[in-house]
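See below for the structure under consideration.
The values are calculated or read from the model by the stated rules, or taken from the named source; none is laboratory data. Treat the numbers as computed from the prediction; the structure is a model and nothing was measured. Here the Cβ positions follow ideal geometry from the backbone for every residue, glycine too, while neighbour counts run over all protein chains shown. What goes into the accessible areas is simple: the full protein's heavy atoms, side chains included, and nothing from ligands, DNA or RNA. Shrake-Rupley method; radii C 1.70, N 1.55, O 1.52, S 1.80 Å.
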Amino acid sequence: MGILKKYRYLLLMFGILLALYIFSLPKRLFHDPFSTVLEDRSGKLLGAAIAGDGQWRFPEGNPIPEKFKESIILFEDKRFNAHPGVDVLSLARAVRQNFRAGKIVSGGSTISMQVIRLSRKNKSRTVWEKLLEIVLATRLELRYSKEEILALYASHAPFGGNVVGIEAACWRYFGRDAAELSWAEAALLAVLPNNPSLIHPGKNRDVLKAKRDRLLLRLLQRGRLDSLSFELSITESIPENPLPLPRSAPHLLVQAAKNGLAQQRIRTTLDLALQDRTSQIVADHSERLRGNQVHNAAALVMEVNSGRVLAYVGNVPAGREHGEDVDIIQSPRSTGSILKPFLYAALLNEGKILPRTLQPDIPTLINGFSPRNFSNDHDGAVPADQALIRSLNIPAVHELRDYRYEKFYDLLNNVGITTLSQPPDHYGLSLILGGAEATVWDLTGAYASLARSLNRYFETPGKIRYDKSDFHPPIYLLRDSVMRTNPEENSWLSAASCYLTFEVLSEVFRPGEETGWRLFNSSKKIAWKTGTSHGLRDGWAIGVNGDYAVGVWVGNADGEGRPGLTGTESASPILFDIFSQLPGYTWFQIPRPELSEIKVCSASGMRATELCTSVQSESVPHTGLQSLPCPYHQRIHMSTDERYRVHADCESLSNLKATSWFVLPPVQEYYYKSKNLSYKALPPLRKDCSNQASLITMDLIYPKANARIFIPRELDGTGGRALFEVAHRQTSASVFWHLDGKYLGVTKGTHRLAVAPESGMHTLTLVDEWGTVVEQHFSVVDRSH
């Protein structure tokens, strides 16, 4: 006890010093900002962003190349693996050299001491600073292993200019990964931190080479490399100007930094080889498109089942003059027709249509909304699958009106379209024609999700519908994976409807040639769809098979439209070139348990009735069993010579010849028969037979019921005229026109009449020669407003 009292102050002093020693080393040695580094799935460099302090400094973590490790230890600290952070012999030699020179020529610092000096920002060389480095170096050795200390040094040592760390130096001076260093390169990098100014471009070439070669000679003498390797190494030249770092996915690099991943080493799901090939394809096509002053394009490639992104080309890889720095993949753009497959699948899913159900394709005005086909033409009626293949707008609007745009809005949200920022009523029926905006990211992910649902149908017993368990946005981080959640009760689309939709999309016309696309389709089957926004501002093409989904956008980042900027002509050639680079072309298996074979009317594509004259079998979703039967085949009665229609009021029952006739509504028939020469119009009624109200023979094309129309004035200021038009089953029939009870005139053959109504409400009355009457109310907007 007495001894303890005697030495208690010494023990207290020792305890304080021990505590100071233990806590002398900061928990984090370096606080410098790092570059953001983007790597592909195998660790190959895709690109990097300079650190916030203007230095190229890669994050720590990658292993040190063995050649550099041996070179740096031999050059800087040959007893590195033996000393406790301080090399007494080196210190003694340094003191002797400094004393003889009369100035500081050697510091005798070990690598551990240099790590401390780097962490303390190279403070002035004083005796006190040197003693502090010695103490902290020994503490460093207690906290870190030799390998970790060497890694700290390699990551923070200066290599000339704004290059810090071995990885950044390898890319800036040699243009390759540190693991690929030659002996000459490793030796050069080992001598640089000792005097980094030697690497300045155009200076000190001979001094630097001599210093490197001396180290190579020492490595030869130590048996680290053979004589042949030595002779080859000393012939290698010294790098001149620093090289630019790879820029394989610059837009994804920026996107990752925005997502909170700045100053990190980001291992992505991308494949460097495919990324570079995809970038080159986009660049090659952009040269062609630039002739039309179309300056931007983007492409996204992803695996269907994993959801992982394999290639991310956010824009063309050149310049900033035309918005090339804009990441188009994440930029909302008008969708054009690219959403139509989801509506087609939804209608099949609910049994509202069958694959080939006829849809109206006629002049349409719905609450002031007047959609038009891209061709400004009308087919009268067109099968739903052909309407999708040809991307006709008017049938799509009629389909959306039947399905309801509110429901379609919810479906789009469910499949991952995140850019619908307004309520459904804001978009209305224009939702199907580009009235909303979406991103390449969302749309490609949505198509991939549909494909994933089909693949999982065969993986998951009892799973029959596309639901939340199939949806996941694309993934670009290797650490992520597609989440598998339990299917929800409010599932979205059946496997059958998805499969039938993809089958239709696999028949879409291919650009460039009339027959070559079918050969491509047969060997590498792809379901794909194009879209073109209003004003020719956006060209879309998205394709999918069992393995991959590819999304392509072409246009101008500033929204400028250009003639010929369509999805088919501009985007789809890029799509096919990308698919040609992808291995494996698995097509979807047929979900036979979810399909039913039914008899379908060949003419209408609807469930066949006994009146249908031509019937074929077709596979449809089970819900198709409740779809509407064909209403177009009607039983009519004809005269014995089959030239006229008759009925019991004008012909005896024994002379009535019953037959089935395919009859479209008048306006549909008006356009349909000009495109389908096989269509037979109804025979005319015999003159002694009055018309039957059950059969519509005449219908207005324009104006529609309760339409509000504006009639512009002529150039001379006089009142203009509106061209009204009616469809009649008998083109030879005479139609008598009346406006507000006043007779206007008669038309025969082509039923069009130029009319100049005043502002206000009007009633248009039409009467044909058989007494059929059609009455329509409309209003004219005041010309003065």
Debye calculation, C-alpha points only, no solvent: report log10 I(q)/I(0) for segment 152-254 at q = 0.16 Å⁻¹, in the same order as the q values. -0.70
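Sort segment 219-316 into rounded, prolate or oblate with this rule: let a ≥ b ≥ c be the square roots of the eigenvalues of the Cα gyration tensor; rounded if a/c is under 1.5, and if a/c is not under 1.5, prolate when a/b is larger than b/c, oblate otherwise. Walk me through the numbers before you get to the answer.
Numbers: a/c = 2.69, a/b = 1.90, b/c = 1.42.
Prolate is the answer for segment 219-316, as a/c is 1.5 or above and a/b outweighs b/c.
Only Cα pairs under 8 Å and at least 6 apart count here; give the relative contact order of the chain as a rounded whole percent. All intermediate terms of the calculation are to be shown ahead of the outcome.
Numbers: 1518 pairs, mean separation 73.4, N = 785.
Over the chain, the number comes to 9 percent.
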Cross-link partners of Lys407 among lysines (Cα-Cα below 18 Å; sequence separation of 8 or more within a chain): Lys340, Lys352, Lys468
Which whole-number percent is the relative contact order of segment 103-229 (Cα, under 8 Å, 6+ apart)? 17 percent
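Tell me whether segment 548-622 comes out rounded, prolate or oblate; compute the Cα gyration tensor, take square roots of the eigenvalues as a ≥ b ≥ c, and use a/c under 1.5 as the rounded threshold. Intermediate results must be reported in sequence, preceding the final value.
Details: a/c = 3.87, a/b = 1.87, b/c = 2.07.
Judged from the Cα gyration tensor, segment 548-622 comes out oblate (a/c at least 1.5, b/c at or above a/b).
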Potential lengthening between Asp688 and Ser145 on full extension [0.36 nm per residue; Cα-Cα distance subtracted]: 184.5 nm
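What length, rounded to one decimal in nm, is gained on full extension from Ser660 through to Gln263, with 0.36 nm per residue of separation minus their alpha-carbon distance? Numbers along the way, then the final one.
Working: separation 397, 0.36 × 397 = 142.92 nm, distance 7.53 nm.
Using 0.36 nm per residue and subtracting the Cα-Cα distance, I get 135.4 nm.
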Take the alpha carbon gyration tensor of segment 116-194, find the square roots of its eigenvalues, order them as a ≥ b ≥ c, and report rounded if a/c is under 1.5; if not, report prolate when a/b exceeds b/c, else oblate. prolate
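Considering only protein heavy atoms, what per residue accessible area in square angstrom results for segment 134-197 with a 1.4 angstrom probe? Don't jump to the answer; show the numbers that get you there.
Values: 1930 Å² over 64 residues.
Ligands and nucleic acids excluded, the result is 30 Å² per residue.
Assuming R0 = 35 Å, what is the FRET efficiency of Glu725 and Glu597, from their Cβ-Cβ distance, to the nearest 0.05? Write out the running numbers ahead of the final one.
Values: r = 43 Å, r/R0 = 1.22.
For R0 = 35 Å, the calculated efficiency reads 0.25.
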Through the Karplus equation 6.51 cos²θ - 1.76 cosθ + 1.60, θ set to phi - 60°, convert the phi angles of segment 386-400 into ³J(HN,Hα) values in whole Hz; use x for Gly and Pro. 5, 4, 6, 4, 8, 6, 6, 7, 5, x, 5, 5, 5, 5, 5
Label-to-label distance, nm, for residues given as Arg708 and Lys78 (7 Å Cα→Cβ offset): 9.5 nm
Calculated FRET efficiency for the pair Trp128/Asn413, C-beta based, R₀ 60 Å, to 0.05: 0.35
Skipping prolines and chain starts, which residues have an amide H placed within reach, meaning under 5 Å, of the one on Ala381, given they are 5 or more residues away or on another chain? Asp361, Tyr672
What helix-only [θ] at 222 nm does the chain give? Using -39500 (n - 2.57) per DSSP H run of at least 4, over all residues, to the nearest 500, the answer is -9500 deg cm²/dmol
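Once fully extended, how much extra length lies between Ser237 and Arg96, figured as 0.36 nm per residue of separation less the alpha-carbon to alpha-carbon distance?
Working: separation 141, 0.36 × 141 = 50.76 nm, distance 3.58 nm.
Net length gain for the segment: 47.2 nm.
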Structure-derived Cα extents along the principal axes in Å: which label, when the choices are (i) 136, 68, 66; (ii) 124, 89, 60; (iii) 92, 67, 65: (i)
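Please report the carbon-and-sulfur percent of the accessible area for the chain; probe 1.4 Å, protein heavy atoms only, DNA, RNA and ligands left out. Write down the numbers at each step before the final one.
On the way: 19400 of 36430 Å².
Carbon and sulfur atoms account for 53 percent of the accessible area of the chain.
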Which stretch or stretches of segment 705-720 have amide N atoms under 11 Å from the point lying 7 Å from Arg401's Cα along the Cα→Cβ direction? 705
Would you calculate the separation in nanometres between label points at Leu11 and Ala179, each defined as 7 Å from the Cα along the Cα-to-beta-carbon direction? 5.6 nm
Once the in-chain neighbours fewer than 8 apart are removed, the lysines whose Cα is under 19 Å from Lys69 read Lys78, Lys146, Lys211
Cα→Cβ-extended label distance, 7 Å offset, between Ile590 and Phe30, nm: 6.2 nm
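Let me check I have the definition right: for segment 274-415, take the eigenvalues of the Cα gyration tensor, multiply each by 5, take square roots. What are those semi-axes in whole Å, largest first? Let's see the in-between values first.
On the way: eigenvalues 238, 78, 40 Å².
Rounded to whole Å, the semi-axes are 35, 20, 14.
Considering all alpha-carbon pairs of segment 633-767, what whole percent are spaced by more than 23 angstrom?
Details: 4139 of 9045 pairs.
So the pairs more than 23 Å apart make up 46 percent of the total in segment 633-767.
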Hey, in the chain, which Cys have no second cysteine's beta-carbon closer than 4.7 Å? Cys170, Cys498
